[in-house]
1. Binned at 10 Å from 0, what are the whole-percent values of the Cα-Cα distance distribution for the range 365-497, short to long?
2. Given contacts defined as C-alpha pairs under 8 Å and at least six residues apart, what's the relative contact order of the chain, whole-number percent?
3. Give the lysines reachable from Lys378 as a straight Cα distance under 21 Å; neighbours fewer than 8 places away on the same chain don't count.
4. Taking every pair of alpha-carbon atoms in the range 269-407, what share in percent sits in each 5 Å bin, from 0 to the bin with the longest distance?
5. Would you work out the relative contact order for the range 306-408, in percent, from Cα pairs under 8 angstrom that are 6 or more residues apart?
6. Looking at Leu323, Leu3, Ile440, which one has the Cα that reaches farthest to the positive end of the dipole of the chain (charges on Cβ: Lys, Arg +1; Asp, Glu -1)?
7. So which lysines can Lys314 reach, going by Cα to Cα under 23 Å and dropping same-chain residues fewer than 8 places off?
8. Reachable aspartates and glutamates from Lys246, Cα under 16 Å, same-chain residues fewer than 8 places away excluded?
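The values are calculated or read from the model by the stated rules, or taken from the named source; none is laboratory data. All of these numbers come straight from a predicted model, not from anything done at the bench. Glycine gets a Cβ as well: all are built from the backbone with ideal geometry, and neighbour counts include every protein chain shown. To get the accessible areas, we keep the full protein, side chains included, count just its heavy atoms, and leave off ligands, DNA and RNA. Shrake-Rupley method; radii C 1.70, N 1.55, O 1.52, S 1.80 Å.
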Amino acid sequence: MILRYSGKNLLYFESFDLEFSEGLNVITGETGAGKSVVLKGLQALFGKRVELFENENTWLEALVNVDQVDEELRELGIQEGEHIVTLNAGKRWTYRIDGRMYPQSIVERLFEDLVHFHQQNTHVNLLKKRYQLSLLDKLAGNDQMLSEYTRAYRRMVELEKLLSETGIEALEERIEQFNRELSFFERHKPSEDEERSLRERFERINRARQILSLIDEISHVLSEDSTTRLWKLAASTEKMVPLVPKDLPEMLKDIAEKSNELQRLIRKFVDQLQLEDSYELEARLNVYNELRRRFGPDWEDIRRNWERLEKERKELLEKKQELEVAESESRRLEELCLKLAQELHENRLKAATELERQVRFHLNQLAMNLDFSVRVEKLDRLTASGFSDIDFVVGTDGETKPLKDVLSGGELSRVVLAVHLSVANEAGRVFVFDEIDSGIGGTVGNVLGEKLKTLSKNSQVIVVTHLPQIARLADTHFTVVKDGNTMHVKALGVEERKSELLRMIGGEKVWGELS
């Protein structure tokens, strides 16, 4: 609801301050006085893209009560309740809500479904399929079912996006890559202690091999044949003692005995050595060499890479499980959405028939010979509102066309009026009409006035009119007057209303009492 609307330097209006009431608010005045300018300023203030007379000092402000705000607007700090909206309309338009600047798109969004303007060459909500569908759903009583569908559809879209961004097949391929890497650790179960032990054992084997090589060489020198020859040489030298040094035979015997003793010592040492087979040991060490090459070079790097691989594989497995659950939930939600969309569609078909009947009734009373219809067709895909395609059409001269292609501003406004009178529970909305009475008068003017009055019982209605039949029903009556080159808007009292109605009918006396 618009509680108050003020402005300065709007075309020829130096200033104005309108306090609107609930119900029917009427603005009258001489032709060319600037009534439509006041409404155009209101459109601009609520985010509509309209042309205003350029003036760096144009300032507009309204106090409004907003009873419904969507989640995205809440996140921007806009809640339900009263707000002050201002517009400085110079070369660069600056919008503020409660003193905080917002872009034009946010202001337009806030008031898009709250305030409905119906003027020549303006974007009438009734021409938008989304709005037509919302009216049909209201008449069909689809609110709860549509809310359930919307939640399911949004969740389904989120899941489909998640599944499309990371497919399960691609995820499985990445998991397999990690499995191949980690299979090395899982198969060999390497440890730093084991590697240290293996390398120590390998070092001992190498030393033992060196010792055996030396022993072999000693054994070769001290072979049995060599020892036997020494004993024979000792015996021969004994027979030749006078001819050889006397100590030579004993020395040869001593060498032969030492040689036998060494051979016994070597055989005993070799028996005790028990040289380990190095084949399996070398094979295991090759595993550690490969480990260092792929994940090293040192154990700190190996542990870090091992932990990283296990962590990433775990995350991928959890992601795969999440995607499998998402895929299952997506299928379930798709089935639910299809079921709800079908029920919504059937309800809309029934409501369309009822809406057609009621709108035709109101149009007939307004002397509009139009064959109004609601076209409801089924799409081959799900959308945010189901799979119903809605279009309000009228038949003229044997041809059916959308509203926007057929009706003039005044005719379209009267169709808007007829539609909203046919849809229950319009509380909280604001309807602004200009030219709704163009081309009519007399009895039809009375009917139009009564219908506007009926609409104003649940909604705030602001209408610019030339018909006294409408003006007489106003809860609040404003008039626009010229004073030289300036214009003024003023609220009228009872006596002033009588004078204004007298001017409007061009007579000297207004018959009957004001309602």
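1. Cα pair-distance distribution for the range 365-497, in percent: 10, 32, 32, 16, 8, 2, 0.
2. On the way: 706 pairs, mean separation 125.8, N = 515.
24 percent.
3. Lys128, Lys129, Lys138, Lys339, Lys350, Lys401
4. Taking all Cα pairs of the range 269-407, the binned fractions are 2, 7, 9, 9, 7, 7, 6, 5, 5, 4, 4, 4, 4, 4, 4, 4, 4, 3, 2, 2, 1, 1, 1, 1, 0, 0 percent.
5. Working: 85 pairs, mean separation 20.9, N = 103.
It comes to 20 percent, rounded to a whole number.
6. Working it through, the farthest residue towards the positive pole turns out to be Ile440.
7. The qualifying lysines are Lys161, Lys189.
8. Glu238, Asp254
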